[in-house]
1. Give me the distance between the Cα centres of the stretch 121-187 and the stretch 447-514, rounded to whole Å.
2. Does the stretch 454-594 classify as rounded, prolate or oblate by the C-alpha gyration tensor (a ≥ b ≥ c root eigenvalues; a/c under 1.5 gives rounded; else a/b over b/c gives prolate, otherwise oblate)?
3. Efficiency by 1/(1 + (r/R0)^6): what FRET value for SER509 and VAL26, r their Cβ-Cβ distance, R0 = 30 Å, to the nearest 0.05?
4. What is the set of long-range amide H partners of THR484 at a cut-off below 5 Å, with H atoms built 1.01 Å from backbone N?
5. Please give, to one decimal in nm, the separation of the simple spin-label points placed at SER519 and ILE393, each 7 Å out from Cα toward the Cβ.
6. What does the extension gain come out to for LYS317 and LEU575, with contour length at 0.36 nm per residue minus their alpha carbon separation?
7. Taking the number of other C-beta atoms within 10 Å as the exposure measure, put VAL498, VAL325 in order starting with the fewest.
8. How long is the gain from ILE159 to ILE309 if the chain were fully straight, where each residue apart is worth 0.36 nm and the alpha carbon distance is subtracted?
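Each value in this text was obtained by applying a stated rule to the coordinates, not by laboratory testing. Note that this is a predicted model, so its numbers are computed, not measured. Note: ideal-geometry Cβ built from the backbone for every residue, glycine included; neighbour counts use all protein chains shown.
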Amino acid sequence: MKEKDIPDLKPEVLEEFQEGFGIKAVIAAIFIGFIMLPGAIYLGLITGSGLGGAAQWVTVILLVEIAKRSFVPLKKQEVYILYILAGAVAGGGTILGTAGLTIHGGAFGELIWRQYFVQSHYAHSFGITDKIPSWVVPPANSEAILKRTFFHHDWIKPIIIIVVFAFLIRITQFTLGYVMFRITSDREKLAFPMAPVASEGATALAEVSGKTESWRWRIFSISAMIGIIFGAFYVVIPTVTGLLMSKPFQLIPIPWVDFTAQIGAKAPAAMFGFLTDLGTILTGFVLPFWVVVGSLTSSILAQCVANPILYQAKIIKNWQPGMSVVPTSISVNMDFWINAIIGGGICVGLLGIWKMIAARRKTVQTTKKEELPKGRGDYPISVALGLWILATICFIILTHILVPEFPVFIFILFGFILTPFLSYTSARMFGITGVHTGVSFPLVREASFIFSGYKGAAIWFSPIPYFDVGGMAQAFKQLELTRTKFTSYYKAEFTALVIMLFCSFLFWSIIWHLSPIPSATYPYVQKMWPLNAITQSLWISSTLGESGTSYMIKAIKPFYFISFAAGAIVLNVILTLLKMPVAFFYGLIGGVAAWPHSTIPLFFGAMLGRFYFAKKFGAETWRRYTPIILAGYSCGVGLIGMVSIAIALIAKTIYQIIF
């Protein structure tokens, strides 16, 4: 280890907050929309993973290199805004609540899912097809569906609702998310351990843009090369062989190695396996050690030890021998663990409220006035709350117009009670553990639909105001770490939204027209979408009256989830008396819902980092290295992935032209 490779451990002098949005950001957003978004769509259909964080780092590093060769240095703030733009346009995915399905490629990906669902055998067999309203998706026999095109008048209503929803959700995120940041970061002083990943990566790239390479850039570039090498085996081989063979060849199984079916003979309903993505191990470097230990502990105890016992006790009833991890997870959750997840969410929410009150009292006692960093872009919390209330009212009015038969008071409960409660719980989890560990209030939405007395299918597709914007607290924390004005964030997100909507419409239209979705062309969606269609059909059928099913209603057992909530609170008290790290408790709660497939490699990475690399480089030096290692790896995987995706898209287009 050379002396120049060791970061200066002296406290850094905080610079002033600066503007990061400008004409460079607009040009970058257009580049992302037209170059990166189609790759995100295609990779999502092939592997189910999309580009994720890789899209952000790939885009940023390409633009930084262009700027470097044009002798236009980029500030750290500008680099981070480019990172945000890449994530907003191409990085994330739309999560469909009832199906648990993530669709990459912008807002119009949800409409692609709906066209499949309305045509599916499952929707037809459950009697749902003719009950889906026209503002959700055109009828299955519409020319818009049969000809696979968005350029048809039957799509006007669904597209308008998608666009309105996209703008209203941004307003909710920027207002309520800002309030959550002020509470958890400014007042409670939570650490947000994953926030430095993006901020350190942006700093490294800004340094190389200005030709002042430091230890950050060396670590970033080495990690990127590791990502490129691994991605060549993990992404390139399956993508390229899929063009030449009927079934893609996977040298490394994607996305996991699963032993659930094999161990089921001796340990019924147990789940065991591991994710094959090297990035999971590297994430274990970054996450708080005791969070990972807690997650592994509860995950193994719940999914490997308790499941066979519950099966023998006939509490888990729907598991069948030979099931793989996905159907096993669905069966054990519906029979039992879904109540534990609800109970854990209630516990974390109650503890969070208690700690917020305690922190507020301490703040009042120690200072008369809250001092905010100058130039950060703050505005009064009262204004943020006012705008959030206005956006929520718009959601309620829109949903009531679409589904007038559904009780309005439930929309009010979701918008003004459950959304801030869930968001605060989530924000605290990000602040303590660095990630959303799976603790939420699952099935509250579904249970309200079922027990409301409503009969029909429309409510399952309506834009009810029930959101988790707790992750925005971490986004604002990253802005603070990079010394970027919050106003830059607002400008960047709305710019990205406009470009994303246009490019998502354009490229989904092209890709959908090339071949049906799902089909053999897209192996991931062909395998997974039918499973999600079954799940969504089960939920929707529960509100169809006599023709519906009661399976989901039976899954929620109040005695179970109340007992879990009470038990979790008692466990928190015991661990506090034993002076165990608070992160261990939150890891335990989040790990109940986690598969061993993810917690095992996370634990391996955490142990490797704590007991080898931290001793080799020094604990503080290693702490500064880890977020940059993860950021560099994501960039490397994305770079090599984009090459293979480009080849695949060109090959598919040429094939369509010839034949």
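1. Value for the Cα centre distance between the two parts: 10 Å.
2. Here the stretch 454-594 falls in the oblate category.
3. Here the calculated transfer efficiency is 0.80.
4. GLN18
5. Spacing of the two 7 Å Cα→Cβ label points: 4.9 nm.
6. Length gained, LYS317 through LEU575: 89.6 nm.
7. Ascending number of Cβ neighbours within 10 Å: VAL498, VAL325.
8. 49.1 nm
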